[in-house]
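Peer 1: One structure coming up, written as structure tokens, with questions to follow.
The values are calculated or read from the model by the stated rules, or taken from the named source; none is laboratory data. Remember, it's a predicted structure, so these values are computed and weren't measured experimentally. Ideal geometry is used to build each Cβ from the backbone, glycine not excepted, and the neighbour counts take in all protein chains shown.
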Amino acid sequence: RIVFLNGSFLPIEEARVPFMDRGFLFGDGVYEGIGVLDGRLVDNEAHLERLERSLAEVRIPNPYSPAEWTALEEEIVRRNGMTEGFIYFQVTRGVAERDFFFPEDAKPTVAMFTQAKTIADAPAARTGIAVVTVPDLRWARRDVKSINLLAQVLAKQAAKEAGAQEAWMVEDGYVTEGGSSSAFIVTTGGSIVVRPLSQAILPGITRKSLLRLSQEDGIPLEERRFTVEEAHGAAEAFLTSASNFVLPVVSIDGRPVGEGKPGPITRRLRELYLQMAR
Ligand code: PDD
């Protein structure tokens with residue numbers, strides 16, 4: 001397996017990050033994750049725009065232009081012979097003696113790897129998944145794709161221990177988003193409901209594409225917050241992320257959603273997304 005670290009492609013066993021990297025010590029960095037289908041990058045431009053924004057918000061210089069990032073992504077996909085899966089990359093503030101203040105002369109650490117994964121024909125897309133709701137314990141700038149994921153690690157582990165595959169995080173009674181995905185419900189009237197963008201959630205790239213596709217398809221959209229109770233009573237539910245595209249949610253907190261199987265609007269949206277990605 002070949003990874004990219006600070007300008008070089010090398011076997012993962014040889015990739016070493018210094019002990020004093022601020023990503024390791026402070027979680028001082030941001031990341032991106034991009035889906036790959038049929039060897040092609042899905043929604044790459046939008047992901048690189050979000051990276052640019054995350055870096056600017058935490059004041060880490062972007063080490064590469066969009067064209068340079070794209071060349072690195074394409075090369076790592078090619079070197080690993082990956083046709084379907086996920087590209088992960090992160091930028092940290094770099095290596096310096098431990099001190100909270102920004103280092104004067106550190107260079108950002110850039111790391112990238114791929115994970116081969118079946119997305120289009122994933123069994124979970126046919127069966128749907130279970131989610132459980134948990135309190136949202138994250139910081140106040142969730143619109144920044146920070147590598148600090150402790151709250152999500154705890155949320156998703158709690159979901160796993162409850163027999164579910166994803167956690168839906170809840171604040172003030174309203175669902176914010178999934179541990180690593182955007183959360184959607186479909187009302188009994190057939191409208192998609194999704195939380196509006198704010199600092200409370202990550203601006204999901206798959207969410208954005210899906211909303212465009214649903215509008216083009218004439219599916220009614222309500223961009224507003226929804227409560228846990230409304231989710232429990234929804235006709236359908238689903239999540240979106242770069243690593244899963246659109247995944248049906250068939251149970252929430254142990255209760256079946258609708259008929260407890262992937263619903264027609266969810267299946268239609270997944271189909272539209274796959275068509276777009278291909
Ligand atoms: N997670 N919300 C959160 C908290 C996320 O971590 C993610 C992505 C999303 C979906 O965003 P997008 O559609 O741009 O992937 C929403 C990635 C896949 C991860 O951490 O693995």
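Peer 1: Based on this model, can you work out whether residue 245 counts as assigned by TED's automatic domain parsing to the domain that holds residue 139, at positive phi and touching a strand residue (DSSP E or B) at 6+ places or on another chain (Cβ under 7 Å)?
Peer 2: The answer is yes for residue 245.
Peer 1: While we're here: Collect the residues in the stretch 242-278 that are charged (D, E, K, R) and within 16 Å of the ligand (Cβ to nearest atom), keeping them in residue-number order.
Peer 2: Within the stretch 242-278, the subset charged (D, E, K, R) is 253, 255, 259, 261, 267-268, 270-271, 278.
The answer is 270, and nothing else.
Peer 1: Something else now. Pairs needed: first member in the stretch 1-30, of a type in the set (S, T, N, Q); second member anywhere, in a strand (DSSP E or B); C-beta distance under 9 Å; at least 6 residues apart or different chains.
Peer 2: 6/109; 6/110; 6/111
Peer 1: Moving to a separate point now. Looking for something touching a strand residue (DSSP E or B) at 6+ places or on another chain (Cβ under 6 Å) and under 22 Å from residue 202 (Cβ atoms) - is there at least one such residue anywhere in the stretch 18-27?
Peer 2: yes
Peer 1: For the stretch 42-65, check the following and say yes or no: at least one residue is closer than 23 Å to residue 273 by Cβ, in contact with a Phe, Trp or Tyr (Cβ under 7 Å, 6 or more places away or on another chain) and of a type in the set (A, V, I, L, M).
Peer 2: Yes, the stretch 42-65 has at least one match.
Peer 1: Ok, one more. Taking the criterion of being within 15 Å of the ligand (Cβ to nearest atom) and either acidic (Asp, Glu) or at positive phi (or both), would at least one residue in the stretch 223-241 satisfy it?
Peer 2: No - not one qualifying residue is present in the stretch 223-241.
Peer 1: While we're looking at this one, here's another question. Among the residues that make up the stretch 51-63, is at least one of them among the aliphatic types (A, V, I, L, M), more than 19 Å from residue 149 (Cα to Cα) and touching a residue at least 24 places away in the same chain (Cβ under 8 Å)?
Peer 2: No, the stretch 51-63 contains no residue that is among the aliphatic types (A, V, I, L, M), more than 19 Å from residue 149 (Cα to Cα) and touching a residue at least 24 places away in the same chain (Cβ under 8 Å).
Peer 1: Now for a different question. Determine whether residue 88 is surrounded by fewer than 19 Cβ atoms within 10 Å (Cβ to Cβ), assigned to a loop (DSSP other than H, G, I, E, B) and of a type in the set (Ser, Thr, Tyr). Explain how you work it out, then say what you get.
Peer 2: Details: surrounded by fewer than 19 Cβ atoms within 10 Å (Cβ to Cβ): yes; assigned to a loop (DSSP other than H, G, I, E, B): no; of a type in the set (Ser, Thr, Tyr): yes.
Judged against the criteria, residue 88 is not a match.
Each row is one residue, and each column tells you yes or no for (1) more than 15 Å from the ligand (Cβ to nearest atom); (2) touching a helix residue (DSSP H, G or I) at 6+ places or on another chain (Cβ under 9 Å); (3) in the same structural domain as residue 38 (by TED's automatic domain parsing).
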| position | (1), (2), (3) |
| --- | --- |
| 130 | yes, yes, no |
| 143 | no, yes, no |
| 146 | no, yes, no |
| 156 | no, no, no |
| 172 | yes, no, no |
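Peer 1: When only residues in the stretch 187-208 that are buried (at least 20 other Cβ atoms within 10 Å of the Cβ) and under 23 Å from residue 45 (Cβ atoms) count, which is farthest from the ligand (Cβ to nearest atom)?
Peer 2: 194
Peer 1: Examine the stretch 146-162 for a residue that is of a type outside the set (Val, Ile, Thr), under 16 Å from the mean Cα position of the chain (by Cα), at pLDDT 95 or above and under 14 Å from residue 238 (Cα atoms), and state whether such a residue exists.
Peer 2: no
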